[in-house]
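Working notes, structure below.
The values are calculated or read from the model by the stated rules, or taken from the named source; none is laboratory data. Please read all numbers here as calculations on a predicted model, not as lab measurements. A quick note on method: Cβ atoms are made from the backbone with ideal geometry, for glycine too, and the neighbour counts reach across all protein chains shown.
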Amino acid sequence: MKKIGNYLLNNIGKIIVYFVLIFFLIISVMPIIFMCLAALKPAGDLSDPFALSISLTLDNIIEAWTRGRMNRYMLNSIIVAVPRVSVILLFASLAGYAFGKLKFKGRNLIFAFILAGMMVPIQAMIIPIYYNIQQYGLINTYWAMILPSFGLSMPFACFMMRAFFKDLPVEIMESATIDGSNEFNTWLYIMLPLVRPALLSLLVFEFMWSWNDFLLPMLMVYEDSYRTLPLGLMYFSGEHTSNQSLIAAGVAICILPIITVYLMFQRTFIEGITAGAVKG
Amino acid sequence: MTTTKVNALKAIKWFKSFLFVVPALTFYIIFMVIPIFGTIRISFHEWNGAAPKMTFVGLQNYIRVFSDPIFYKAIGHNLFWIIFTIVVPVLLGLILAILIMQSFVRMRILFRVTYFMPTLVSLVAVGVVWGWMYNPDFGIIGRVVDFFKVFGASNIDWLGNEKIVLWSLVVAGSWTYYGFCMVIFMAALQGIDACYIEVAVIEGANPWQKFIYVIVPLLKGTITLLVLNSLIGSFKVFDIIMIMTKGGPYHSSEVISTYMFSAAFSLNEYGYGAALAIVLAVIIGISSSIYMRFAEKD
């Protein structure tokens, strides 16, 4: 007994630290886990989504997937996310290379010009964007959700790519030029592979923003067959308020892809953003 | 070589570099710059969004904005959001990061991975989950508070009570953010040279002094970044409020962005909505500049 008492007293600091860290870990993860558990509960236990149930079933998930049209929503989210992420990554890495490494007149001015966009709230742009998309008859299309994001995501993406390109040693670029490489080849074969962590981080970020984007799809699309997951989930939960396990299944379907992508890339991702934040 | 030839070559060289920027710049101009001017233009008109012609009304919308009590209420809510977000998640992130960097802590990766998760979750999902947690009938928050026998609390309508709805929302919002702050601070702390801390220990500093006089100044850049991010984000905050309460009940959780949205897209007062959006953009611009000036001074 005395030994345990001594141990506790000597290590009270460490115990408190671990306690606090674990406490907040639980707070971070608990709602998500509750949701997944609620999704696996049979639909009968209606009254209390937070009660734990012994029997697990995939029925809710299957039902949300088919009858709830979550499969359609997920497909739409993917169709929108892939072009968004790839094009933004491409344009931003081109521009980031130029801003970070190439010297040309007006470079810093143009960069400041683009950077200013980070402060502007999206509300300042959506009225004309909405109207124009309407005018061109692009409401209820995928393009309506894809194209505006190219412009809106550029400030942050360019900022991040520039920070990473800037840190690359100039000598590599110079030796490539001496070896006869033109700018584009230098960019493609030499610089780009060197900023892989930044690219992966930006990929996760942009994928996350595209996947979770709610405002743009809400404005651009009102037909159910074009809805993306967040939008679909919103209407879905409104439609089935009494069937909580079903809604929980919908939430689980919505959040699992991004969590999976994150877990796959988490190391590089976190290295990327923290390096960007600490440098920038 | 003649001067013209030299100039021509220089121009081509410039253009080759400029070309890299063209795609990004083009889309930026089309989808950000031009629309902003469009919004400014609309803000000087009255328009229902459907009629082909807009009525020019000059500064009327702006005058209306600044005499609108709901506008001031909304700004108040934004300011509340800013203060809470800077005090709670940013500070909490810093403290947690310092705790986790203590030399005896193991399995940092586990913490890093789990703390970051709330940041990834779609705000619609956050709205649904926290909506359930706040549910007056079965909500888990009510039950936990009830456990501590406070106010007989399990029937508090966390989202329906005008006085506390904003608090409920900002807590949910902070839940999505403190993990992000912690991870950023963690990385920043890892970059601190250990010798600074060792010097402080040799000089006999206790943990509190170490914190204030050594760690915080070294983290100044990161703190500035996160505070600025919170500042801008708190003015822009939209999704989570829109999803959970739409600004209600009776505007008690209204913020500028939700107010602008309902003015334009619910009430079809596009001119007024545009004016609100521009005012918001200007407010963000001014406060960011003031903050950056203040942060750089030290």
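Here's the yes/no breakdown for (1) within 20 Å of the chain's Cα centre (by Cα); (2) surrounded by fewer than 18 Cβ atoms within 10 Å (Cβ to Cβ):
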{"position": "A:M173", "(1), (2)": "no, no"}
{"position": "A:W187", "(1), (2)": "no, no"}
{"position": "A:M208", "(1), (2)": "yes, no"}
{"position": "A:L216", "(1), (2)": "yes, no"}
{"position": "A:E223", "(1), (2)": "no, yes"}
{"position": "A:L233", "(1), (2)": "yes, no"}
{"position": "A:S237", "(1), (2)": "no, no"}
{"position": "A:G250", "(1), (2)": "yes, no"}
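Condition check: out of contact with any Asp or Glu (no Cβ under 9 Å at 6 or more places or on another chain) and in contact (Cβ under 8 Å) with a residue 12 or more places away in the chain. Does B:L228 satisfy that?
Against the criterion (out of contact with any Asp or Glu (no Cβ under 9 Å at 6 or more places or on another chain) and in contact (Cβ under 8 Å) with a residue 12 or more places away in the chain), B:L228 qualifies.
Which of the residues that make up the range A:125-151 are under 14 Å from A:S210 (Cβ atoms) and touching a residue at least 40 places away in the same chain (Cβ under 8 Å)?
A:Y142, A:A144, A:M145, A:I146, A:P148, A:S149, A:F150
Which condition breaks for B:F185 when tested against (1) crowded, with 23+ Cβ neighbours inside 10 Å; (2) modelled with pLDDT of 90 or more?
Exception for B:F185: condition (2).
Is it the case that A:D213 is within 10 Å of chain B (Cβ to nearest Cβ) and charged (D, E, K, R)?
The answer is yes for A:D213.
Filter the range A:103-124 down to the residues that are more than 7 Å from chain B (Cβ to nearest Cβ) and in contact (Cβ under 8 Å) with a residue 12 or more places away in the chain, then identify the one that is nearest to B:V279 (Cα to Cα).
This residue is A:I122.
For the structure I just gave you, tell me whether B:V170 is modelled with pLDDT of 85 or more, in a helix (DSSP H, G or I) and facing another protein chain (nearest Cβ under 8 Å).
No, not satisfied.
Would you be able to tell me the number of residues in the range A:242-275 that are at the interface with chain B (Cβ under 10 Å from one of its Cβ atoms) and not in a helix (DSSP H, G or I)?
Matching residues across the range A:242-275 total 0.
Out of all the residues in the range B:234-277, which are surrounded by fewer than 22 Cβ atoms within 10 Å (Cβ to Cβ) and small (G, A, S)?
Of everything in the range B:234-277, those that are surrounded by fewer than 22 Cβ atoms within 10 Å (Cβ to Cβ) and small (G, A, S) turn out to be B:G248, B:S252, B:S262, B:S266.
Give A:L8, A:L46 a once-over and let me know the one that is at pLDDT below 80, more than 18 Å from B:M133 (Cα to Cα) and of a type outside the set (D, E).
A:L8
Of all residues in the range B:131-147, which are at pLDDT 80 or above and more than 7 Å from chain A (Cβ to nearest Cβ)?
The answer is B:G131, B:Y134, B:N135.
I'm trying to understand the selection: among the residues of the range B:101-113, which are in contact (Cβ under 8 Å) with a residue 12 or more places away in the chain and more than 7 Å from chain A (Cβ to nearest Cβ)?
Listed by number, the residues that qualify are B:M101, B:R108.
The rows are residues; the columns are (1) away from chain A (no Cβ under 14 Å); (2) surrounded by fewer than 20 Cβ atoms within 10 Å (Cβ to Cβ).
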| residue | (1), (2) |
| --- | --- |
| B:G49 | no, yes |
| B:T55 | yes, yes |
| B:I63 | yes, yes |
| B:I70 | yes, yes |
| B:L91 | no, yes |
| B:Y115 | no, no |
| B:S122 | no, no |
| B:E162 | yes, yes |
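Search the range A:125-151 for residues being within 25 Å of the chain's Cα centre (by Cα) and farther than 20 Å from A:I78 by Cβ, and hand back the single one that is farthest from the other protein chains (Cβ to nearest Cβ).
Looking at the filtered set, the residue picked out is A:I139.
Which of the residues spanning the range A:204-216 are out of contact with any Gly (no Cβ under 9 Å at 6 or more places or on another chain) and touching a residue at least 40 places away in the same chain (Cβ under 8 Å)?
Within the range A:204-216, A:E206, A:F207, A:M208, A:W209, A:S210, A:W211, A:N212, A:D213, A:L215, A:L216 qualify.
Report yes if some residue within the range B:222-237 is among the hydrophobic types (A, V, I, L, M, F, W, C), in contact with a Lys or Arg (Cβ under 9 Å, 6 or more places away or on another chain) and in the same structural domain as B:G160 (by TED's automatic domain parsing); otherwise report no.
no
So which of B:I12, B:I86 ends up being more than 15 Å from B:V279 (Cα to Cα), of a type in the set (A, V, I, L, M, F, W, C) and either touching a residue at least 12 places away in the same chain (Cβ under 8 Å) or facing chain A (nearest Cβ under 10 Å) (or both)?
Exactly one residue qualifies, and that residue is B:I86.
Kindly indicate whether B:T39 is polar (S, T, N, Q), in a helix (DSSP H, G or I) and under 32 Å from the mean Cα position of the chain (by Cα).
Considered against the rule, which asks whether it is polar (S, T, N, Q), in a helix (DSSP H, G or I) and under 32 Å from the mean Cα position of the chain (by Cα), B:T39 comes out as yes.
Within the range B:250-298, how many residues are among the polar types (S, T, N, Q), away from chain A (no Cβ under 11 Å) and in contact with a helix residue (DSSP H, G or I) (Cβ under 6 Å, 6 or more places away or on another chain)?
2
Give all pairs with beta carbons closer than 8 Å in which a residue from the range B:268-279 that is of a type in the set (K, R) meets a residue that is assigned to a helix (DSSP H, G or I); count only pairs at least 6 apart in sequence or on separate chains.
Cβ pairs passing all conditions: none.
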